[in-house]
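Everything on this sheet refers to the single structure shown next.
The values are calculated or read from the model by the stated rules, or taken from the named source; none is laboratory data. Owing to the predicted nature of the structure, the values given are computational and were not obtained by experimental measurement. Counting neighbours? That spans all protein chains shown, and the Cβs are built from the backbone with ideal geometry, glycine included. Protein only, heavy atoms only, side chains kept; ligands, DNA and RNA dropped before computing areas. Shrake-Rupley method; radii C 1.70, N 1.55, O 1.52, S 1.80 Å.
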Amino acid sequence: MSTPTVTEVADGVHFVQGKAVNWTLITDGDAFTLVDGGYPGDHDAVLSSIAQVGRTLDQLAAVLVTHAHVDHIGSLPTLLDGRDVPVLTSATEARHARREFLEQATPLQVAAASWRPRVLRWSLHVVSAGGTTKAGVPQATAFAETPLDVPGRPVPIVTPGHTSGHTCYHLPDAGVLITGDALVTGHATVARTGPQLLAGMFHHDAAENRRSLLQLGSLSGDVLLPGHGEAWHGSYADAVEQALA
Ligand SMILES: [Zn+2]
């Protein structure tokens, strides 16, 4: 296992960079919220990140999911095995997480669309990280209230497009926005960094994703945590403008 990089980007908000995907830990007292969980192969890295912020799995109060692609929920079945921890996301994404439907390009489909070396390397990583599993998270349910009554009191912002129920999470007090794959700052398949959109083949509905981003520009805060790439510091309006350019 490679040890993930954990950065406290705001009080109690810890951004974790795994090998090919990010997740976030939000601590409040002893308890914490996990937002997304990496690939199946990131299970040990998730545990390592929890230890790095001085917590144990027993203190996990809730899991939030931006979207139910395998690189964001893959570790959860093993992580949560035998535990009564709520897994929350939008109503549509909860159905996706339960695998009532599946909106995900396979590594083969992606590789077939582009044989560039970076894409090939990424495809091999997906396979080695357990990314071809179709396993879901049966206990995923829809959140009801807003803000969510979990550590960090995140405000969900439903941003369909990347998947039909994709959801960003805003932490108004911390000034942090977790954007999942609606807006990223890099990806293993591209060299470019900075606010950007994933390639069209990764989105269920790329046009809808672009429209959804317009909700983000007016939010308060100056730290943006994407599903892929580095943390970004600046106004969300600028990030959205750069991503849509
Ligand atoms: Zn992703």
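Would you confirm whether any residue within region 151-162 is within 12 Å of the ligand (Cβ to nearest atom), in contact (Cβ under 8 Å) with a residue 60 or more places away in the chain and not basic (Lys, Arg)?
Let us first name the residues in region 151-162 that are within 12 Å of the ligand (Cβ to nearest atom), namely 162.
Next cut, in contact (Cβ under 8 Å) with a residue 60 or more places away in the chain only: 162.
Okay, now just the ones that are also not basic (Lys, Arg), so 162.
Yes, region 151-162 contains a residue that is within 12 Å of the ligand (Cβ to nearest atom), in contact (Cβ under 8 Å) with a residue 60 or more places away in the chain and not basic (Lys, Arg).
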I want to confirm something. Restricting to region 7-19 and keeping residues that are of a type in the set (A, V, I, L, M) and in contact with a Phe, Trp or Tyr (Cβ under 7 Å, 6 or more places away or on another chain), which single residue is surrounded by the most Cβ atoms within 10 Å (Cβ to Cβ)?
VAL16
Name the single residue, out of those in region 172-196 being of a type in the set (A, V, I, L, M, F, W, C) and surrounded by 24 or more Cβ atoms within 10 Å (Cβ to Cβ), that is farthest from the ligand (Cβ to nearest atom).
VAL176
Look through region 94-114, keep the residues that are touching a residue at least 24 places away in the same chain (Cβ under 8 Å) and part of a helix (DSSP H, G or I), and return whichever of them is nearest to THR189 (Cα to Cα).
VAL110
Looking at (1) free of Cβ contacts under 8 Å to residues at least 40 places away in the same chain; (2) assigned to a helix (DSSP H, G or I), which is the one condition that is false for SER218?
(2)
Selection within region 44-85 - away from the ligand (no atom under 16 Å from the Cβ) and among the hydroxyl-bearing types (Ser, Thr, Tyr)
SER48, SER49, THR56, THR78
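Can you find, within region 197-210, the residue that is nearest to the ligand (Cβ to nearest atom) among those that are in a loop (DSSP other than H, G, I, E, B) and open to solvent by 50 Å² or more (accessible area, probe 1.4 Å)? Working first, answer last.
If we filter region 197-210 for residues that are in a loop (DSSP other than H, G, I, E, B), which is where we start, we get 197-199, 203-205.
Filter once more, keeping what is open to solvent by 50 Å² or more (accessible area, probe 1.4 Å): 204-205.
On the way: HIS204: 12, ASP205: 16 Å.
Out of the qualifying residues, it is HIS204.
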I want to confirm something. Restricting to region 30-47 and keeping residues that are in a strand (DSSP E or B) and open to solvent by less than 10 Å² (accessible area, probe 1.4 Å), which single residue is farthest from HIS72 (Cα to Cα)?
PHE32
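Criterion first (among the hydroxyl-bearing types (Ser, Thr, Tyr) and over 17 Å from GLY234 (Cα atoms)) does THR167 satisfy it? Lay out the reasoning, then the answer.
Values: among the hydroxyl-bearing types (Ser, Thr, Tyr): yes; over 17 Å from GLY234 (Cα atoms): yes.
Answer is yes for this residue.
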I'd like the residue in region 123-171 that is under 14 Å from THR33 (Cβ atoms) and β-branched (Val, Ile, Thr) and, out of all such residues, is least open to solvent (accessible area, probe 1.4 Å).
THR167
Among the candidates ASP238, ASP181, single out the residue that is among the acidic types (Asp, Glu), within 17 Å of the chain's Cα centre (by Cα) and modelled with pLDDT of 95 or more.
ASP181
